[in-house]
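A.B. asks: I am attaching a structure below and will ask some questions about it afterwards.
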Amino acid sequence: MTRRRGPAVTAAALLVAALLAGCTPAAQNGGTVSLPAVVPAPASIERGQGKPFRLHGGTAVAGETDAAAALLAVVEARTGLTLTGEGRLGVDLRVDPSTGGPESYRITAEAASVVVTGADAAGLFYGVQTLAQLLTRDGEEWIIPAVEITDAPRFAYRGVMLDVARHFHPVETVKGYIDRAASVKLNALHLHLTDDQGWRLHLDSRPKLAERASGTSVGGDPGGFYTKDDYREIVAYAAANHMIVVPEIDMPGHTHAVGLAYPELAEAPSIDEHMREVIRAYGGGEPTPGVPYEGLAVGFSSLRIDDEATYDFIADVFGELAAMTPGPYLHLGGDESLSTTDEDFASFIARASAIIADLGKTPVAWHEAGAASGIADTTVGQYWGFVTPTGGMDERARAFVANGSQLILSPADAIYLDMQYPSGPELGLTWANGPTSVERAYAWEPSDVISGIDDSDILGVEAPLWTETVRTAADIDLMAFPRIAAAAEAGWSPATGTSDLRTWESFRARVGELGPLWTSLGIGFHPSDEIPWVTE
Ligand code: ACM
(Lines give C-alpha, C1' and ligand atoms only; values in the text may rest on other atoms or scores of the structure.)
Protein backbone atom coordinates (compact mmCIF):
# COMPACT_ATOMS: atom_id res chain seq x y z
CA MET A 1 0.00 0.00 0.00
CA THR A 2 1.34 3.39 -0.91
CA ARG A 3 -0.18 6.67 0.05
CA ARG A 4 -1.68 8.64 -2.76
CA ARG A 5 -2.57 12.13 -1.82
CA GLY A 6 -5.59 13.92 -3.20
CA PRO A 7 -6.10 17.61 -3.93
CA ALA A 8 -6.89 20.04 -1.13
CA VAL A 9 -10.50 21.28 -1.11
CA THR A 10 -11.96 23.86 1.22
CA ALA A 11 -15.22 22.61 2.70
CA ALA A 12 -16.68 25.33 4.88
CA ALA A 13 -19.47 26.32 2.47
CA LEU A 14 -20.26 22.71 1.65
CA LEU A 15 -20.42 21.93 5.36
CA VAL A 16 -23.02 24.59 6.06
CA ALA A 17 -25.12 23.50 3.09
CA ALA A 18 -24.92 19.86 4.05
CA LEU A 19 -25.83 20.59 7.66
CA LEU A 20 -28.91 22.48 6.53
CA ALA A 21 -29.95 19.85 4.02
CA GLY A 22 -28.83 16.57 5.45
CA CYS A 23 -30.61 16.07 8.78
CA THR A 24 -33.54 13.71 8.65
CA PRO A 25 -36.55 15.28 10.32
CA ALA A 26 -37.56 12.59 12.74
CA ALA A 27 -36.01 10.06 15.04
CA GLN A 28 -35.74 6.57 13.58
CA ASN A 29 -35.23 4.67 16.78
CA GLY A 30 -35.16 1.18 15.39
CA GLY A 31 -33.81 -1.89 17.05
CA THR A 32 -32.39 -1.62 20.51
CA VAL A 33 -32.92 2.03 21.27
CA SER A 34 -35.83 2.07 23.59
CA LEU A 35 -32.80 2.34 25.87
CA PRO A 36 -31.24 5.79 26.12
CA ALA A 37 -28.60 6.35 23.44
CA VAL A 38 -25.07 6.19 24.86
CA VAL A 39 -21.96 6.26 22.64
CA PRO A 40 -19.63 4.47 23.05
CA ALA A 41 -21.95 1.65 24.09
CA PRO A 42 -21.66 0.98 27.82
CA ALA A 43 -20.81 -2.41 29.27
CA SER A 44 -24.29 -2.62 30.83
CA ILE A 45 -27.37 -0.39 30.63
CA GLU A 46 -30.86 -1.10 31.93
CA ARG A 47 -33.98 1.02 32.07
CA GLY A 48 -35.07 1.80 35.65
CA GLN A 49 -38.64 1.01 36.73
CA GLY A 50 -39.65 4.42 38.03
CA LYS A 51 -40.12 7.94 36.73
CA PRO A 52 -37.30 10.03 35.31
CA PHE A 53 -35.29 12.63 37.18
CA ARG A 54 -36.48 16.16 36.31
CA LEU A 55 -33.91 18.92 35.96
CA HIS A 56 -34.58 22.54 36.80
CA GLY A 57 -32.59 25.62 37.80
CA GLY A 58 -32.64 24.58 41.45
CA THR A 59 -31.25 21.08 40.93
CA ALA A 60 -28.45 20.50 43.40
CA VAL A 61 -25.10 19.15 42.20
CA ALA A 62 -22.97 17.76 45.03
CA GLY A 63 -19.64 16.01 45.26
CA GLU A 64 -16.32 16.30 43.42
CA THR A 65 -15.80 19.87 42.26
CA ASP A 66 -14.08 19.23 38.91
CA ALA A 67 -16.78 16.79 37.85
CA ALA A 68 -19.49 19.20 39.08
CA ALA A 69 -17.99 22.03 37.00
CA ALA A 70 -17.87 19.78 33.92
CA LEU A 71 -21.51 18.76 34.46
CA LEU A 72 -22.77 22.33 35.00
CA ALA A 73 -21.02 23.43 31.78
CA VAL A 74 -22.48 20.68 29.62
CA VAL A 75 -25.98 21.00 31.13
CA GLU A 76 -25.93 24.72 30.40
CA ALA A 77 -24.72 24.18 26.82
CA ARG A 78 -27.33 21.51 26.15
CA THR A 79 -30.37 22.81 28.04
CA GLY A 80 -29.74 26.47 28.79
CA LEU A 81 -30.33 25.67 32.49
CA THR A 82 -27.93 27.10 35.03
CA LEU A 83 -28.15 24.73 37.97
CA THR A 84 -28.01 26.78 41.17
CA GLY A 85 -27.60 23.80 43.43
CA GLU A 86 -30.11 25.02 45.98
CA GLY A 87 -32.82 22.40 45.57
CA ARG A 88 -33.33 19.25 47.59
CA LEU A 89 -33.23 16.84 44.68
CA GLY A 90 -29.91 16.48 43.07
CA VAL A 91 -27.04 14.89 41.26
CA ASP A 92 -24.32 13.35 43.40
CA LEU A 93 -20.83 12.93 41.91
CA ARG A 94 -18.51 10.67 43.90
CA VAL A 95 -15.25 8.76 43.62
CA ASP A 96 -15.25 5.29 45.18
CA PRO A 97 -12.39 2.95 44.24
CA SER A 98 -14.56 -0.08 45.00
CA THR A 99 -16.67 0.78 41.90
CA GLY A 100 -14.37 -1.21 39.60
CA GLY A 101 -11.19 -1.00 37.55
CA PRO A 102 -9.48 2.15 36.25
CA GLU A 103 -11.79 4.61 34.43
CA SER A 104 -14.97 2.68 35.33
CA TYR A 105 -18.15 4.28 36.64
CA ARG A 106 -21.74 3.58 37.61
CA ILE A 107 -24.88 5.71 37.19
CA THR A 108 -28.13 5.20 39.05
CA ALA A 109 -30.77 7.66 37.88
CA GLU A 110 -34.25 7.69 39.42
CA ALA A 111 -36.92 10.29 40.16
CA ALA A 112 -35.37 11.34 43.47
CA SER A 113 -31.69 11.50 42.55
CA VAL A 114 -28.93 10.78 40.11
CA VAL A 115 -25.82 9.18 41.59
CA VAL A 116 -22.64 8.93 39.50
CA THR A 117 -19.79 7.00 41.07
CA GLY A 118 -16.37 6.78 39.45
CA ALA A 119 -13.70 4.30 40.46
CA ASP A 120 -11.30 7.22 40.01
CA ALA A 121 -11.47 10.81 38.77
CA ALA A 122 -11.35 9.63 35.13
CA GLY A 123 -14.24 7.22 35.72
CA LEU A 124 -16.31 9.99 37.26
CA PHE A 125 -15.46 12.26 34.30
CA TYR A 126 -16.70 9.55 31.90
CA GLY A 127 -19.86 9.17 33.98
CA VAL A 128 -20.46 12.89 33.45
CA GLN A 129 -19.96 12.47 29.68
CA THR A 130 -22.59 9.72 29.71
CA LEU A 131 -24.93 11.88 31.78
CA ALA A 132 -24.63 14.62 29.14
CA GLN A 133 -25.85 12.10 26.54
CA LEU A 134 -28.78 11.11 28.78
CA LEU A 135 -30.21 14.65 28.97
CA THR A 136 -33.55 14.41 27.19
CA ARG A 137 -36.06 17.08 26.29
CA ASP A 138 -39.57 16.38 27.59
CA GLY A 139 -41.87 19.11 26.30
CA GLU A 140 -40.60 22.30 27.91
CA GLU A 141 -38.65 20.38 30.52
CA TRP A 142 -35.43 18.36 30.67
CA ILE A 143 -35.19 14.90 32.18
CA ILE A 144 -32.68 12.15 32.81
CA PRO A 145 -34.45 8.83 32.20
CA ALA A 146 -34.54 6.28 35.01
CA VAL A 147 -31.55 4.11 34.19
CA GLU A 148 -28.84 1.93 35.69
CA ILE A 149 -25.46 1.92 33.93
CA THR A 150 -22.32 0.02 34.85
CA ASP A 151 -19.46 0.82 32.53
CA ALA A 152 -15.73 0.26 32.05
CA PRO A 153 -13.35 0.48 29.08
CA ARG A 154 -12.33 -2.56 27.06
CA PHE A 155 -8.87 -1.14 26.24
CA ALA A 156 -6.58 1.09 28.33
CA TYR A 157 -5.47 3.24 25.35
CA ARG A 158 -8.10 5.02 23.27
CA GLY A 159 -6.60 7.68 21.06
CA VAL A 160 -6.90 10.23 18.35
CA MET A 161 -3.97 11.54 16.31
CA LEU A 162 -3.84 15.04 14.91
CA ASP A 163 -1.29 15.85 12.20
CA VAL A 164 -0.17 19.42 12.90
CA ALA A 165 2.71 19.15 10.40
CA ARG A 166 0.91 19.03 7.02
CA HIS A 167 -1.30 21.88 8.22
CA PHE A 168 -0.48 23.65 11.44
CA HIS A 169 -3.38 23.89 13.91
CA PRO A 170 -3.24 26.45 16.72
CA VAL A 171 -3.52 25.68 20.45
CA GLU A 172 -7.21 26.64 20.62
CA THR A 173 -8.07 24.17 17.85
CA VAL A 174 -6.14 21.41 19.61
CA LYS A 175 -7.98 22.17 22.87
CA GLY A 176 -11.29 21.99 21.04
CA TYR A 177 -10.33 18.59 19.64
CA ILE A 178 -9.39 17.43 23.16
CA ASP A 179 -12.88 18.44 24.40
CA ARG A 180 -14.50 16.58 21.56
CA ALA A 181 -12.41 13.41 21.87
CA ALA A 182 -12.84 13.28 25.66
CA SER A 183 -16.62 13.50 25.23
CA VAL A 184 -16.54 10.03 23.63
CA LYS A 185 -14.18 8.68 26.32
CA LEU A 186 -10.93 8.83 24.36
CA ASN A 187 -7.89 9.27 26.59
CA ALA A 188 -4.83 9.86 24.36
CA LEU A 189 -3.97 12.71 21.99
CA HIS A 190 -1.16 11.69 19.63
CA LEU A 191 0.33 14.85 18.11
CA HIS A 192 2.15 14.26 14.80
CA LEU A 193 4.50 17.21 15.37
CA THR A 194 6.93 16.87 12.47
CA ASP A 195 6.95 15.81 8.85
CA ASP A 196 8.50 16.77 5.51
CA GLN A 197 6.28 19.86 5.39
CA GLY A 198 7.14 21.35 8.79
CA TRP A 199 8.55 21.09 12.32
CA ARG A 200 5.97 22.40 14.80
CA LEU A 201 7.66 22.57 18.22
CA HIS A 202 10.32 24.93 19.48
CA LEU A 203 13.16 23.15 21.30
CA ASP A 204 15.85 25.12 23.15
CA SER A 205 18.52 22.59 22.21
CA ARG A 206 17.77 22.90 18.48
CA PRO A 207 16.25 26.37 18.01
CA LYS A 208 16.65 26.50 14.22
CA LEU A 209 13.95 23.80 13.79
CA ALA A 210 11.09 26.12 14.70
CA GLU A 211 12.86 29.21 13.31
CA ARG A 212 13.57 27.83 9.84
CA ALA A 213 11.33 24.81 9.30
CA SER A 214 7.85 25.84 10.41
CA GLY A 215 6.89 28.69 8.08
CA THR A 216 4.56 26.90 5.63
CA SER A 217 2.00 24.11 5.31
CA VAL A 218 0.82 21.96 2.38
CA GLY A 219 -0.14 24.00 -0.67
CA GLY A 220 1.80 27.03 0.59
CA ASP A 221 -0.70 27.65 3.38
CA PRO A 222 0.56 29.43 6.51
CA GLY A 223 2.63 27.40 8.96
CA GLY A 224 3.33 27.85 12.64
CA PHE A 225 4.83 26.15 15.68
CA TYR A 226 4.14 25.65 19.38
CA THR A 227 6.36 27.31 21.96
CA LYS A 228 7.27 25.11 24.90
CA ASP A 229 4.63 26.96 26.93
CA ASP A 230 2.04 26.22 24.22
CA TYR A 231 2.95 22.54 24.39
CA ARG A 232 2.71 22.55 28.21
CA GLU A 233 -0.68 24.27 27.92
CA ILE A 234 -1.91 21.50 25.60
CA VAL A 235 -0.57 18.81 27.96
CA ALA A 236 -2.28 20.45 30.97
CA TYR A 237 -5.57 20.88 29.11
CA ALA A 238 -5.45 17.26 28.02
CA ALA A 239 -4.75 16.14 31.62
CA ALA A 240 -7.77 18.14 32.85
CA ASN A 241 -9.79 16.07 30.35
CA HIS A 242 -8.13 12.82 31.47
CA MET A 243 -6.03 12.53 28.31
CA ILE A 244 -2.33 11.99 27.87
CA VAL A 245 -0.36 13.59 25.05
CA VAL A 246 1.76 11.27 22.89
CA PRO A 247 4.20 13.45 20.91
CA GLU A 248 5.54 12.04 17.64
CA ILE A 249 8.80 13.07 16.00
CA ASP A 250 8.65 11.10 12.74
CA MET A 251 12.00 9.61 11.62
CA PRO A 252 14.21 8.56 9.86
CA GLY A 253 11.92 9.39 6.88
CA HIS A 254 9.42 12.27 6.79
CA THR A 255 12.32 14.57 7.75
CA HIS A 256 12.75 17.04 4.88
CA ALA A 257 12.01 19.89 7.32
CA VAL A 258 14.99 18.92 9.50
CA GLY A 259 17.24 19.66 6.51
CA LEU A 260 15.96 23.26 6.36
CA ALA A 261 17.33 23.84 9.85
CA TYR A 262 20.28 21.45 10.07
CA PRO A 263 21.26 20.44 6.51
CA GLU A 264 24.18 18.39 7.80
CA LEU A 265 21.70 15.86 9.31
CA ALA A 266 19.63 15.17 6.19
CA GLU A 267 20.21 13.12 3.05
CA ALA A 268 19.37 14.71 -0.31
CA PRO A 269 15.79 13.88 -1.44
CA SER A 270 15.53 10.53 -3.23
CA ILE A 271 12.96 10.74 -6.01
CA ASP A 272 11.82 7.73 -8.00
CA GLU A 273 9.39 7.35 -10.89
CA HIS A 274 6.40 6.61 -8.63
CA MET A 275 7.06 9.79 -6.69
CA ARG A 276 7.25 11.76 -9.95
CA GLU A 277 3.80 10.37 -10.81
CA VAL A 278 2.40 11.54 -7.46
CA ILE A 279 3.99 14.93 -7.99
CA ARG A 280 2.53 15.18 -11.51
CA ALA A 281 -0.93 14.20 -10.21
CA TYR A 282 -1.08 16.44 -7.16
CA GLY A 283 1.40 19.25 -7.77
CA GLY A 284 3.69 20.70 -5.15
CA GLY A 285 6.87 20.29 -7.23
CA GLU A 286 9.86 18.07 -6.48
CA PRO A 287 11.40 18.37 -3.03
CA THR A 288 14.55 20.50 -3.13
CA PRO A 289 17.17 20.60 -0.36
CA GLY A 290 16.86 23.77 1.72
CA VAL A 291 13.46 24.70 0.27
CA PRO A 292 10.22 24.15 2.26
CA TYR A 293 8.22 21.24 0.83
CA GLU A 294 4.54 22.01 0.15
CA GLY A 295 3.47 18.92 -1.80
CA LEU A 296 1.94 15.55 -0.92
CA ALA A 297 4.63 13.04 -1.86
CA VAL A 298 6.07 10.79 0.85
CA GLY A 299 9.13 8.59 1.25
CA PHE A 300 11.84 10.78 -0.28
CA SER A 301 13.62 12.02 2.84
CA SER A 302 15.92 10.47 5.43
CA LEU A 303 18.14 11.48 8.28
CA ARG A 304 21.80 10.46 7.83
CA ILE A 305 21.89 7.01 9.38
CA ASP A 306 25.70 6.62 9.57
CA ASP A 307 26.45 9.97 11.16
CA GLU A 308 26.84 10.17 14.95
CA ALA A 309 25.54 13.75 14.83
CA THR A 310 22.11 12.27 13.99
CA TYR A 311 21.99 10.40 17.30
CA ASP A 312 23.12 13.49 19.24
CA PHE A 313 20.20 15.27 17.57
CA ILE A 314 17.71 12.52 18.51
CA ALA A 315 18.98 12.48 22.11
CA ASP A 316 18.53 16.26 22.36
CA VAL A 317 15.06 16.24 20.80
CA PHE A 318 13.61 13.32 22.78
CA GLY A 319 15.39 14.44 25.97
CA GLU A 320 13.71 17.84 25.84
CA LEU A 321 10.38 16.30 24.86
CA ALA A 322 10.53 13.71 27.65
CA ALA A 323 11.04 16.48 30.22
CA MET A 324 7.82 18.22 29.06
CA THR A 325 5.68 15.11 28.61
CA PRO A 326 4.21 13.48 31.72
CA GLY A 327 2.60 10.63 29.76
CA PRO A 328 4.59 7.41 29.36
CA TYR A 329 4.93 7.38 25.55
CA LEU A 330 7.22 9.05 22.98
CA HIS A 331 6.46 8.17 19.33
CA LEU A 332 9.41 7.91 16.93
CA GLY A 333 7.47 7.43 13.69
CA GLY A 334 9.33 4.92 11.56
CA ASP A 335 6.76 4.76 8.73
CA GLU A 336 7.37 5.02 5.00
CA SER A 337 11.16 5.32 5.16
CA LEU A 338 11.19 4.36 1.51
CA SER A 339 14.61 5.79 0.68
CA THR A 340 16.41 4.02 3.56
CA THR A 341 17.84 0.49 3.09
CA ASP A 342 16.41 -2.25 5.35
CA GLU A 343 19.74 -2.59 7.11
CA ASP A 344 20.07 1.15 7.78
CA PHE A 345 16.45 1.32 8.89
CA ALA A 346 16.94 -1.51 11.39
CA SER A 347 20.06 -0.01 12.93
CA PHE A 348 18.44 3.42 13.13
CA ILE A 349 15.27 2.12 14.82
CA ALA A 350 17.34 0.12 17.32
CA ARG A 351 19.26 3.22 18.38
CA ALA A 352 16.32 5.65 18.37
CA SER A 353 14.11 3.30 20.42
CA ALA A 354 16.97 2.70 22.89
CA ILE A 355 17.41 6.47 23.35
CA ILE A 356 13.72 6.78 24.28
CA ALA A 357 13.79 3.73 26.57
CA ASP A 358 16.88 5.11 28.32
CA LEU A 359 14.92 8.29 29.05
CA GLY A 360 12.48 6.14 31.06
CA LYS A 361 9.76 6.40 28.40
CA THR A 362 7.99 3.75 26.33
CA PRO A 363 8.74 4.13 22.60
CA VAL A 364 5.88 3.88 20.11
CA ALA A 365 6.52 3.26 16.41
CA TRP A 366 4.43 2.67 13.28
CA HIS A 367 4.28 -1.02 12.35
CA GLU A 368 7.13 -0.90 9.78
CA ALA A 369 9.54 -0.66 12.72
CA GLY A 370 8.59 -4.23 13.67
CA ALA A 371 10.99 -5.31 10.89
CA ALA A 372 13.91 -3.92 12.94
CA SER A 373 15.27 -6.85 14.94
CA GLY A 374 17.13 -4.66 17.44
CA ILE A 375 14.17 -2.50 18.41
CA ALA A 376 13.77 -1.88 22.17
CA ASP A 377 11.53 -4.65 23.56
CA THR A 378 9.17 -2.23 25.23
CA THR A 379 8.29 -0.47 21.95
CA VAL A 380 4.54 -0.38 21.28
CA GLY A 381 3.67 -0.93 17.62
CA GLN A 382 1.02 1.12 15.84
CA TYR A 383 -0.63 -0.84 13.01
CA TRP A 384 -1.89 1.33 10.14
CA GLY A 385 -2.53 -1.35 7.50
CA PHE A 386 -6.00 -2.34 6.39
CA VAL A 387 -8.63 -4.27 8.36
CA THR A 388 -7.63 -7.22 6.17
CA PRO A 389 -3.83 -6.94 6.24
CA THR A 390 -1.85 -6.76 2.98
CA GLY A 391 1.84 -6.93 2.09
CA GLY A 392 3.08 -8.50 5.34
CA MET A 393 2.02 -5.56 7.50
CA ASP A 394 0.47 -7.95 10.02
CA GLU A 395 3.82 -9.77 10.21
CA ARG A 396 5.57 -6.56 11.22
CA ALA A 397 2.83 -5.81 13.76
CA ARG A 398 3.10 -9.28 15.32
CA ALA A 399 6.84 -8.69 15.90
CA PHE A 400 6.01 -6.16 18.66
CA VAL A 401 3.88 -8.77 20.42
CA ALA A 402 6.63 -11.38 19.99
CA ASN A 403 8.95 -8.94 21.80
CA GLY A 404 6.53 -8.94 24.74
CA SER A 405 4.97 -5.56 23.96
CA GLN A 406 1.56 -4.54 22.62
CA LEU A 407 -0.19 -2.94 19.64
CA ILE A 408 -2.27 0.12 18.98
CA LEU A 409 -4.69 -0.55 16.12
CA SER A 410 -5.34 2.19 13.56
CA PRO A 411 -6.64 0.31 10.50
CA ALA A 412 -6.42 2.93 7.76
CA ASP A 413 -9.40 1.78 5.70
CA ALA A 414 -11.66 2.01 8.77
CA ILE A 415 -10.55 4.76 11.15
CA TYR A 416 -8.23 7.10 9.23
CA LEU A 417 -10.50 10.08 9.75
CA ASP A 418 -9.01 12.01 6.83
CA MET A 419 -10.49 9.68 4.22
CA GLN A 420 -13.30 11.16 2.13
CA TYR A 421 -16.87 10.24 2.94
CA PRO A 422 -18.78 8.48 0.12
CA SER A 423 -21.21 11.37 -0.11
CA GLY A 424 -20.75 14.90 1.02
CA PRO A 425 -17.87 17.32 0.76
CA GLU A 426 -14.81 16.44 -1.31
CA LEU A 427 -12.56 17.12 1.63
CA GLY A 428 -10.11 14.33 2.39
CA LEU A 429 -8.08 11.70 0.56
CA THR A 430 -9.00 8.26 -0.79
CA TRP A 431 -5.77 6.20 -0.91
CA ALA A 432 -6.81 3.88 1.98
CA ASN A 433 -9.55 2.06 0.06
CA GLY A 434 -11.52 5.29 0.39
CA PRO A 435 -14.04 6.80 0.39
CA THR A 436 -14.74 5.50 3.90
CA SER A 437 -18.33 5.27 5.06
CA VAL A 438 -19.42 5.57 8.69
CA GLU A 439 -20.47 1.92 8.47
CA ARG A 440 -16.96 0.86 7.38
CA ALA A 441 -15.47 2.94 10.22
CA TYR A 442 -17.72 0.95 12.57
CA ALA A 443 -17.84 -2.58 11.18
CA TRP A 444 -14.52 -4.06 12.32
CA GLU A 445 -13.51 -5.92 15.42
CA PRO A 446 -10.08 -5.17 16.99
CA SER A 447 -9.29 -8.79 17.91
CA ASP A 448 -9.90 -9.94 14.31
CA VAL A 449 -7.40 -7.66 12.51
CA ILE A 450 -4.05 -9.36 13.24
CA SER A 451 -4.42 -13.12 13.45
CA GLY A 452 -2.76 -14.80 16.42
CA ILE A 453 -3.19 -11.92 18.84
CA ASP A 454 -5.87 -11.38 21.45
CA ASP A 455 -7.13 -8.57 23.68
CA SER A 456 -4.17 -8.79 26.07
CA ASP A 457 -1.83 -8.01 23.13
CA ILE A 458 -3.81 -4.90 22.21
CA LEU A 459 -3.00 -1.73 24.12
CA GLY A 460 -5.81 0.03 22.34
CA VAL A 461 -7.29 1.76 19.32
CA GLU A 462 -6.41 5.12 17.77
CA ALA A 463 -8.07 7.14 15.00
CA PRO A 464 -5.52 9.28 13.10
CA LEU A 465 -6.46 12.50 11.29
CA TRP A 466 -3.89 13.48 8.67
CA THR A 467 -4.23 17.04 7.49
CA GLU A 468 -3.05 17.37 3.90
CA THR A 469 -6.53 18.70 3.03
CA VAL A 470 -7.67 19.64 6.54
CA ARG A 471 -7.04 23.32 7.22
CA THR A 472 -9.43 24.50 9.92
CA ALA A 473 -11.20 23.47 13.11
CA ALA A 474 -14.40 23.16 11.06
CA ASP A 475 -12.63 20.75 8.67
CA ILE A 476 -11.50 18.67 11.67
CA ASP A 477 -15.06 18.45 13.03
CA LEU A 478 -16.43 17.45 9.66
CA MET A 479 -13.92 14.66 9.06
CA ALA A 480 -13.89 13.36 12.64
CA PHE A 481 -17.61 13.37 13.46
CA PRO A 482 -19.38 10.98 13.34
CA ARG A 483 -16.60 8.49 12.47
CA ILE A 484 -14.63 9.26 15.66
CA ALA A 485 -17.56 7.73 17.57
CA ALA A 486 -17.02 4.44 15.70
CA ALA A 487 -13.36 4.40 16.77
CA ALA A 488 -14.37 5.25 20.33
CA GLU A 489 -16.79 2.33 20.39
CA ALA A 490 -14.06 -0.05 19.10
CA GLY A 491 -11.78 1.15 21.91
CA TRP A 492 -14.22 1.38 24.81
CA SER A 493 -17.18 -0.94 24.30
CA PRO A 494 -17.53 -4.72 24.68
CA ALA A 495 -16.28 -6.82 21.75
CA THR A 496 -18.51 -7.30 18.72
CA GLY A 497 -20.85 -10.23 19.35
CA THR A 498 -20.79 -9.90 23.15
CA SER A 499 -23.40 -7.12 23.49
CA ASP A 500 -26.70 -6.42 21.72
CA LEU A 501 -25.59 -2.81 21.38
CA ARG A 502 -22.51 -3.70 19.29
CA THR A 503 -24.22 -3.74 15.91
CA TRP A 504 -24.22 -1.19 13.09
CA GLU A 505 -28.01 -0.77 13.38
CA SER A 506 -27.79 0.03 17.09
CA PHE A 507 -24.76 2.32 16.59
CA ARG A 508 -26.32 4.36 13.79
CA ALA A 509 -29.51 4.88 15.79
CA ARG A 510 -27.59 5.88 18.94
CA VAL A 511 -25.31 8.26 17.02
CA GLY A 512 -28.37 9.81 15.37
CA GLU A 513 -29.71 10.67 18.82
CA LEU A 514 -26.50 12.56 19.65
CA GLY A 515 -26.91 15.11 16.84
CA PRO A 516 -28.61 17.74 19.01
CA LEU A 517 -26.00 17.37 21.80
CA TRP A 518 -23.15 17.72 19.30
CA THR A 519 -24.81 20.77 17.77
CA SER A 520 -25.24 22.40 21.17
CA LEU A 521 -21.55 21.76 21.90
CA GLY A 522 -20.64 23.49 18.62
CA ILE A 523 -19.47 20.32 16.87
CA GLY A 524 -19.92 20.72 13.09
CA PHE A 525 -20.36 17.03 12.30
CA HIS A 526 -20.86 15.63 8.80
CA PRO A 527 -24.60 14.92 8.49
CA SER A 528 -23.98 11.59 6.80
CA ASP A 529 -27.04 10.09 5.13
CA GLU A 530 -26.11 6.75 6.74
CA ILE A 531 -27.30 8.05 10.11
CA PRO A 532 -30.97 8.69 11.11
CA TRP A 533 -30.27 12.09 12.67
CA VAL A 534 -32.69 13.28 15.30
CA THR A 535 -33.56 16.95 15.24
CA GLU A 536 -35.25 18.94 17.98
C1 ACM B 1 1.08 6.39 7.98
O2 ACM B 1 -0.09 6.51 7.55
N3 ACM B 1 2.11 6.59 7.17
C4 ACM B 1 1.35 6.03 9.35
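A.B. asks: For the chain, what is the percent of antiparallel DSSP beta bridges, rounded to the nearest 5?
C.D. replies: The antiparallel proportion sits near 35 percent.
A.B. asks: Another question, if that's okay. Nearest 10 degrees, 0 to 90: what angle lies between the long axis of helix 228-240 and the longest principal axis of the chain (Cα atoms)?
C.D. replies: Helix 228-240 sits at roughly 30 degrees to that axis.
A.B. asks: Amide H neighbours of TRP142 under 5 Å, counting only residues 5+ apart in sequence or on other chains, H built in-plane at 1.01 Å?
C.D. replies: LEU55
A.B. asks: Averaging sequence separations of C-alpha pairs under 8 Å and six or more residues apart, then dividing by the length of the chain, give the relative contact order as a whole percent.
C.D. replies: 18
A.B. asks: Just add up the charged neighbours of PRO494: K/R +1, D/E -1, any other residue whose Cβ is under 12 Å from the Cβ of PRO494.
C.D. replies: For residues surrounding PRO494, the net value is -3.
A.B. asks: Hey, what angle do you get for helix 483-492 against the long axis of the chain, alpha-carbon based, 0 to 90 degrees rounded to 10?
C.D. replies: Roughly 80 degrees, rounded to the nearest 10.
A.B. asks: Using a 1.4 angstrom probe on heavy atoms only, work out the carbon and sulfur share of the accessible area of the range 428-536 in %.
C.D. replies: 48
A.B. asks: I've got another one for you. To the nearest 10 degrees, how steep is helix 393-402 against the longest Cα principal axis of the chain, on a 0 to 90 scale?
C.D. replies: 80
A.B. asks: Here is a further query. Could you grab the relative contact order for the range 401-534? Cα pairs under 8 Å, six or more apart, rounded to a whole percent.
C.D. replies: Normalised by residue count, the contact order of the range 401-534 is 27 percent.
A.B. asks: Per q in 0.10, 0.13, 0.19, 0.21 Å⁻¹, report the Debye log10 I(q)/I(0) for the range 267-408, using one uniform scatterer on each alpha carbon and no solvent.
C.D. replies: Ignoring solvent entirely, the Cα scatterers give -0.38, -0.64, -1.17, -1.27.
A.B. asks: Also, quick follow-up: When we measure straight from the Cα of LYS185, which lysines land under 30 angstrom away, once same-chain ones fewer than 8 places off are left out?
C.D. replies: Partners found: LYS51, LYS175, LYS228, LYS361.
A.B. asks: Would you mind getting the accessible area per residue of the chain, heavy atoms of the protein chains only, 1.4 Å probe, in Å²?
C.D. replies: Ligands and nucleic acids excluded, the result is 35 Å² per residue.
A.B. asks: When the Karplus curve 6.51 cos²θ - 1.76 cosθ + 1.60 is applied with θ = phi - 60°, which whole-Hz ³J(HN,Hα) does each residue of the range 410-415 get, with x for Gly and Pro?
C.D. replies: 9, x, 5, 7, 10, 10
A.B. asks: For GLY198, which sequence-distant residues (separation of 5 or more, or a different chain) have an amide H within less than 5 Å of its own amide H, given hydrogens modelled in the peptide plane?
C.D. replies: So GLY198 has HN proximity to ALA257.
The values are calculated or read from the model by the stated rules, or taken from the named source; none is laboratory data. The structure presented is a predicted model; accordingly, all values stated were derived computationally and were not measured. Methodologically, a virtual Cβ is constructed for each residue, glycine included, from the backbone with ideal geometry; neighbour enumeration extends over all protein chains shown. We work out accessible area using only protein heavy atoms, side chains counted, and drop any ligands, DNA or RNA first. Shrake-Rupley method; radii C 1.70, N 1.55, O 1.52, S 1.80 Å.
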